[in-house]
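Some notes on the structure that comes next.
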Amino acid sequence: MTETVQRGTGGFSERDIEQATSVITCDLQGTVTKFTNGAQKLFGYTPDEVEGKQSVAVFHKKENLPLVPQLLQTAVEKGIWESELELVRKGGQTFRAKLAVRPMYRDGKLTGYMGITRPLK
């Protein structure tokens, strides 16, 4: 059994992932399942603080939380959701970033999402 990011209409290339500032994956409930070194540097949390313990909602401003279900649905329907928005670091500081979210599948079944975040300067 292998888990993959959807290819074709929904896959990040290896180059995308290598160049990413932050890669975060979550399950269907939004619980963080992978938190890379880049995510740690950008958001200020350690993997131990968030993997299996935090929802991806912790990275979003409260007023943007209603957007999250919509963006996930768009990611499934179109293979990707991308936008610029304000995100939140551990200490509460906000920053503008480009976020791209794609669905992840295992054996053809949706299992979660992968987000790549790049801060805007």
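Odds and ends about this structure:
- Using the Cβ-Cβ distance between N37 and L67 with R0 set to 41 Å, the FRET efficiency works out to roughly 0.95.
- A simple spin-label model places the labels of Q29 and K53 1.6 nm from each other, with each point 7 Å out along Cα-to-Cβ.
- Note on K53: lysines with a C-alpha under 23 Å away, same-chain residues under 8 apart excluded, are K34, K41, K61, K62, K90.
Computed from the coordinates by the stated procedures, all read-outs in this text should not be read as laboratory data. Just so it is clear, the structure is predicted and the values come from calculations on it, not from any experiment. Here Cβ is always computed from backbone atoms with ideal geometry, including for glycine, and neighbour counts include all displayed protein chains.
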